[in-house]
Amino acid sequence: MRAFTYTRAKDATSAIKLLAENPNAKFLAGGTNLLDLMKEDVERPNALIDISELDLSEIKPIINGANQGGISLGGLGKNTDSANHLLVRQHYPLLSQAILAGASGQIRNMATNGGNLLQRTRCPYFYEVAMPCNKREPGTGCGAREGINRMHAIFGWSEHCVAVYPSDMAVALTALDATVIVRSANGQQRSIPIADFYRLPGNEPEKDTNLMHGELITAIELPKNRFAEQSYYLKVRDRASYAFALVSVAAALEIEGNTIKQARIAMGGVAHKPWRALKAEQILVGKEATEATFKRAANAEMADAKPLTHNAFKVELGNRSIVLALQMAVNGGKA
Amino acid sequence: MKDIPKVTGTPINRIDGIAKVTGKAPYSMDHPVKNPAYAILIKSTIASGKIQEIDATAAEKAPGVIAIITHQNAPKLNVKGGLRGGALLQSPEIEFFGQHIGIVVAETFEQARYASRLITVTYDKKEPKVDFDNLADQARLPKDKEKADARRGDVQKALSQATYKVEEVYETPIEHHHPMEPHATIAEWNGDHVTLYNSAQIVNGAQTATAATLNLKPEQVRIVSPYIGGGFGSKGGQWANLALAAVAAKYVNRPVKLALTRQQMVNSVGLRQHNRQKISLAATADGKLTALVHETTTHCAINDEFIEPCGDCSKVMYDTPNSLITYRVVPMNLILPTYTRGPGKSTGSFALESAMDELAYKLKMDPIAFRIKNEPDRDPSNGKPWSSRAMVQCLQEGAKAFGWENRKFEPRQNQQGNYWVGYGVAAGTYPAHQRPTSALVKLKRTGDHVAATVELAAADLGTGTYTILTQTAADALGLPIQNVNVIIGDSDLPPAAGAVGSVGAASYANAVNDACVKLTQELVTKSGKQFFVRPTAAQLMRSEKITDFQTRVDSKPPERAEDYSSHSFNANFAEVAVNKSTGMIRVNRFLAVTGAGTILNPKTARSQIIGGNVWGIGMALTEESVVDPRWGNFVTRSLADYHVPTNLDIGQLDAIFINEKDEHVNTLGVKGIGEVGIVAVAAAVANAVFNATGKRVRELPITPDKVL
């Protein structure tokens, strides 16, 4: 760990100001990912602005504005609190399931909602400074492209980076069309639809998101929806707890009679960002909720997959997982 | 005076339990020393070549840095002193990725780690030999004579004539021990004597190897290791970090604390090697084995050989007139492999017991009946009688307890919701030995109160050594357990065997028992009286009004122990549920039925067995250390990447012990349980996966992608 200064911010305004002044400063919230990366010499901030005591942890109904009738999750709310909050469990069980599918109880108790969105890839080449990694050190090359890439991307990767984004929570947020609310140094508030929040690696894999330096995530807003009865988060992994997804699927349906009125599908473990399965969604809408429809939708989405040396299994697994997640959603989460 | 009930064989709680859960049990780094400095190891970032230059200019100027030690200024050490794996800073040669190439010593751990990152090293790189798949065909005959080809009869002929046979290759990956307590040492010099606080499964072995490496006499080195936070073989033979802590402490003339980080564990303290095992089995139509061939190909270090004995189970498990066991090995630029729980047996039995299951299926025989049909009445490898062998009993009692009759013979016949459910069985074994061990027993009487202190340089890996020795001494002396104090884990104590190879309990308990028996006899002699019923030592202390008495024995195995073949045996039963869509596997139930002679404490013994079962399930389903074949580095360096099973992966675990009296193995009839718990677990799980899904996975671990 390199030497750094530590400042405990009193309020959001001063926290943002402190960060904006120093291009090498970082916010510290739960610290569950940042501190690990600092110990490994991957992240090298020279200043940490501790925002963990700012008053930004409330979960509340949204009374007005674009997301009226939805809920707002404070940027500094703990993952555990968000997953277990009555409003979340009643109206967004998909989100609750996704959060609880991630990390471990201890980590979720520390990790914050905003921090969860900003966690970095678990690509082993990113984590070891002796290895090449364009995300950690642009221009050094991608260790995983021709290396060990069983856990890596099958969608949207570039020659510069094949890493996947690790969060489960953000996959559910993507399916639920969440909006990330940020405050900038100039005091302005900005609303970023979650679909625009994350990036594909392209030529700049060092950028995980479109958040700008000095911006603070104050809240995550979820619009009102009618998916609560028929949604499911499926996470396929190498062990049943405390493992990142091989593939995960957040599926949410609104069904009238047996006809699908609306469908939302997002995938984790397959791309540099939560992967919204728009092709699959298009096929589902207006159709009957049958296994045959689900299979067609899954096939349509996975047909575009471009697997690497060690992860071809993710195509078949993704296919099956979409079908299973949709079936589970239809059955209200029961197999 | 009323008799004190015997405690040996009863499930008393762990003697050291309270100290551990309250944080009072000192592990290596917890021992108080004055003014310690902190060291961190610098590691190579290539797997093969030579260090050209080390630029430590910036590091030397970094805050808190006291010293930087590399091959350029390290003292001359004896590289053949007995520490494993080289990496003692004696030359610029690099033999594996992550080899120690230096030490940074600073005032704090953080300062040392920071400074270590300011060091730049330039290398003459060579192409590393790290890709086992490409190198396996270059494997050579082992140097180790015990790994020479072992042939009985004519396997070629038997195989060519057989209608029923299996010829398959089974792969097990590199695994790491990853004990919860990473390897750590505090080194403190006093003149030309050094005390090393360092977890050691073999206390005296750590002492002699470190002394020889440092060019000291054994008595100049003291190893203090009262508690061990897991070892699993990685703290048996010791590694360079132990001597380098002493080197650093000498260099800076202060006590030094040197701990490995989790990430450094993958290339510092050995590993279980990747084994490629070909099994060829042949049988008659009625299920009698006619040939068993077990051919292992594996890797070792570039300049040192260690080979897991994967063929060991195949030597003793089944009766067959024709048998061939071979090993081939290819040196690679990876750290020296080493003993890992159930060394050779767990990996070897995965291959053998999977093949047995495959052949039973071809024969349309129940796999338990098939095994019983081939039960040998003597050790097939040497013709010796068994000291005891409860294999059949384990299988039969296990089948009954597990509900084996509910198993469907054909796979994919048991569907529960979205899961295929399957049952698997596998048989395991591990040799039982007693090793020479000394013990000192001291009695002290105050009024009517008699207390005992038992001293020996034994080790407790967390397995229950303190507890079983307290029980053994209490019974042998006629004392309640609270009057017995067991002191172990210090090389200043009488020398003892290591807690390795399942010899700990047999060696230690017999030595303590022998010492107590001898002490009692000496008290009888001292009294000058004759007794119709022999009194206990405690009674004699009181009746003869003796205040202090002590004796020591140098205990050895019984003379005729070598006339017998002695092994623990067990039967393992697994029920798995495999998700039909995702391939995720859960072990619903696991049962191990073990015949291991006298069980000194059923509670700690059960923990040992189910602990082994859990690791075996990890071996079957989750654990794998992955090497990048271009550079020789491990990409699985943390416990987030190297998966051990979690509670959610496993349902119910059960252990049953056969009531077995072995009168030949040693005085107390103890056979050892540390290793046998893991041995046949992976095969039982893999066989259950086949029974569930019809998919035979011959390459561990069985991750979801392999059963899709």
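The values are calculated or read from the model by the stated rules, or taken from the named source; none is laboratory data. This is a predicted model, so every value here is computed, not measured. Using ideal geometry, Cβ is built from the backbone for each residue, glycine included, and neighbour counts are taken over all protein chains shown.
No other residue among A:T140, A:T179, A:T121, A:T174 is hydroxyl-bearing (S, T, Y) and closer than 25 Å to A:A300 by Cβ apart from A:T174.
Looking at the structure I just gave you, is B:T347 farther than 20 Å from B:A150 by Cα and modelled with pLDDT of 95 or more?
Working: farther than 20 Å from B:A150 by Cα: no; modelled with pLDDT of 95 or more: yes.
No.
Out of all the residues in segment B:625-639, which are of a type in the set (A, V, I, L, M), more than 7 Å from every other protein chain (Cβ to nearest Cβ) and more than 13 Å from B:M265 (Cα to Cα)?
Here is the first cut: in segment B:625-639, the ones of a type in the set (A, V, I, L, M) are B:626-627, B:635, B:639.
Checking the rest, the ones that are also more than 7 Å from every other protein chain (Cβ to nearest Cβ) come to B:627, B:639.
B:V627, the sole residue that qualifies.
Selection over segment B:597-630 of residues that are in contact with a Pro (Cβ under 7 Å, 6 or more places away or on another chain), assigned to a loop (DSSP other than H, G, I, E, B) and surrounded by fewer than 24 Cβ atoms within 10 Å (Cβ to Cβ) gives a count of 2. One residue stands out in segment A:294-306 among those that are buried (at least 20 other Cβ atoms within 10 Å of the Cβ) and not aliphatic (A, V, I, L, M): the one that is nearest to the other protein chains (Cβ to nearest Cβ), namely A:F294. Number of residues in segment B:100-157 that are hydrophobic (A, V, I, L, M, F, W, C), more than 14 Å from every other protein chain (Cβ to nearest Cβ), in contact with a Ser or Thr (Cβ under 8 Å, 6 or more places away or on another chain) and within 20 Å of B:W631 (Cα to Cα): the value is 1. Any residue at all in segment B:121-140 that is of a type in the set (A, V, I, L, M, F, W, C) and more than 35 Å from the chain's Cα centre (by Cα)? Checked against the condition, which is being of a type in the set (A, V, I, L, M, F, W, C) and more than 35 Å from the chain's Cα centre (by Cα), segment B:121-140 yields at least one hit.
Take segment A:256-283 and flag every residue that is of a type in the set (A, V, I, L, M, F, W, C), free of Cβ contacts under 8 Å to residues at least 40 places away in the same chain and not in a strand (DSSP E or B). Of everything in segment A:256-283, those that are of a type in the set (A, V, I, L, M, F, W, C), free of Cβ contacts under 8 Å to residues at least 40 places away in the same chain and not in a strand (DSSP E or B) turn out to be A:L278, A:I283.
Note on segment B:184-282: enclosed helices (runs of 4 or more DSSP H) holding 3 or more residues that are in contact with a strand residue (DSSP E or B) (Cβ under 6 Å, 6 or more places away or on another chain) are B:203-213, B:240-252.
Against the condition of a type outside the set (A, V, I, L, M), part of a strand (DSSP E or B) and on the phi < 0 side of the Ramachandran plot, how does B:K315 come out, does it pass?
On the way: of a type outside the set (A, V, I, L, M): yes; part of a strand (DSSP E or B): no; on the phi < 0 side of the Ramachandran plot: yes.
No.
Which of the residues spanning segment A:1-41 are aliphatic (A, V, I, L, M), touching a strand residue (DSSP E or B) at 6+ places or on another chain (Cβ under 9 Å) and within 13 Å of chain B (Cβ to nearest Cβ)? A:L35, A:M38, listed by residue number.
Are there any helices (runs of 4 or more DSSP H) wholly within segment B:660-708 with 1 or more residues that are more than 30 Å from B:D460 (Cα to Cα), and if so which? Show your work before the answer.
Values: elements: B:676-679, B:681-693, B:704-707.
Those helices (runs of 4 or more DSSP H) span B:681-693, B:704-707.
All of B:V676, B:V689, B:V685 fail the test of being away from chain A (no Cβ under 11 Å), in contact with a Lys or Arg (Cβ under 7 Å, 6 or more places away or on another chain), in contact (Cβ under 8 Å) with a residue 40 or more places away in the chain and buried (at least 23 other Cβ atoms within 10 Å of the Cβ), apart from B:V689. Checking the structure you have, find out if any residue of segment A:84-96 is farther than 17 Å from B:S638 by Cβ, free of Cβ contacts under 8 Å to residues at least 12 places away in the same chain and surrounded by fewer than 18 Cβ atoms within 10 Å (Cβ to Cβ). There is at least one residue in segment A:84-96 that is farther than 17 Å from B:S638 by Cβ, free of Cβ contacts under 8 Å to residues at least 12 places away in the same chain and surrounded by fewer than 18 Cβ atoms within 10 Å (Cβ to Cβ).
Residue-level check: of (1) outside any helix (DSSP H, G or I); (2) over 20 Å from B:N579 (Cα atoms), A:G332 misses just (2).
Among the listed residues B:Q652, B:Q608, which satisfies the condition of being at pLDDT 95 or above and more than 21 Å from the chain's Cα centre (by Cα)?
Only one candidate qualifies: B:Q652.
Every test in (1) over 23 Å from the mean Cα position of the chain (by Cα); (2) over 25 Å from B:N691 (Cα atoms); (3) of a type outside the set (D, E) is passed by B:K603 save one, and that test is (1). Are any of the residues in segment A:217-226 touching a helix residue (DSSP H, G or I) at 6+ places or on another chain (Cβ under 7 Å), touching a residue at least 24 places away in the same chain (Cβ under 8 Å), farther than 30 Å from A:K17 by Cα and not in a strand (DSSP E or B)? No, segment A:217-226 contains no residue that is touching a helix residue (DSSP H, G or I) at 6+ places or on another chain (Cβ under 7 Å), touching a residue at least 24 places away in the same chain (Cβ under 8 Å), farther than 30 Å from A:K17 by Cα and not in a strand (DSSP E or B).
This table checks each residue for (1) of a type in the set (A, V, I, L, M); (2) more than 14 Å from chain A (Cβ to nearest Cβ); (3) at positive phi; (4) outside any strand (DSSP E or B).
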{"position": "B:R534", "(1), (2), (3), (4)": "no, yes, no, yes"}
{"position": "B:L540", "(1), (2), (3), (4)": "yes, yes, no, yes"}
{"position": "B:K545", "(1), (2), (3), (4)": "no, yes, yes, yes"}
{"position": "B:Q550", "(1), (2), (3), (4)": "no, yes, no, no"}
{"position": "B:V578", "(1), (2), (3), (4)": "yes, no, no, no"}
{"position": "B:V587", "(1), (2), (3), (4)": "yes, no, no, no"}
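Here B:T22 fulfils each of the conditions (1) within 14 Å of another protein chain (Cβ to nearest Cβ); (2) among the β-branched types (V, I, T); (3) farther than 21 Å from B:L258 by Cβ apart from (1).
The single condition from (1) surrounded by 14 or more Cβ atoms within 10 Å (Cβ to Cβ); (2) not assigned by TED's automatic domain parsing to the domain that holds B:A37; (3) not in a loop (DSSP other than H, G, I, E, B) that B:P142 fails is (3).
Using the structure shown, decide if B:V166 is modelled with pLDDT of 95 or more and not assigned by TED's automatic domain parsing to the domain that holds B:W239.
Criteria met by B:V166.
Among residues of segment A:233-287 being more than 19 Å from the chain's Cα centre (by Cα) and closer than 14 Å to A:G318 by Cβ, the one that is nearest to the other protein chains (Cβ to nearest Cβ) is A:A280.
Taking segment A:80-108 as the range and being under 23 Å from B:L648 (Cα atoms) and assigned to a loop (DSSP other than H, G, I, E, B) as the test, the residues that pass are A:G102, A:A103, A:S104. Taken together, B:I546, B:I599, B:I658 contain a single residue that is within 23 Å of B:A682 (Cβ to Cβ) and β-branched (V, I, T), which is B:I658. State whether the residues of segment A:121-144 include one that is at pLDDT 95 or above and within 30 Å of A:D11 (Cβ to Cβ). The answer is no, given that none of the residues of segment A:121-144 is at pLDDT 95 or above and within 30 Å of A:D11 (Cβ to Cβ).
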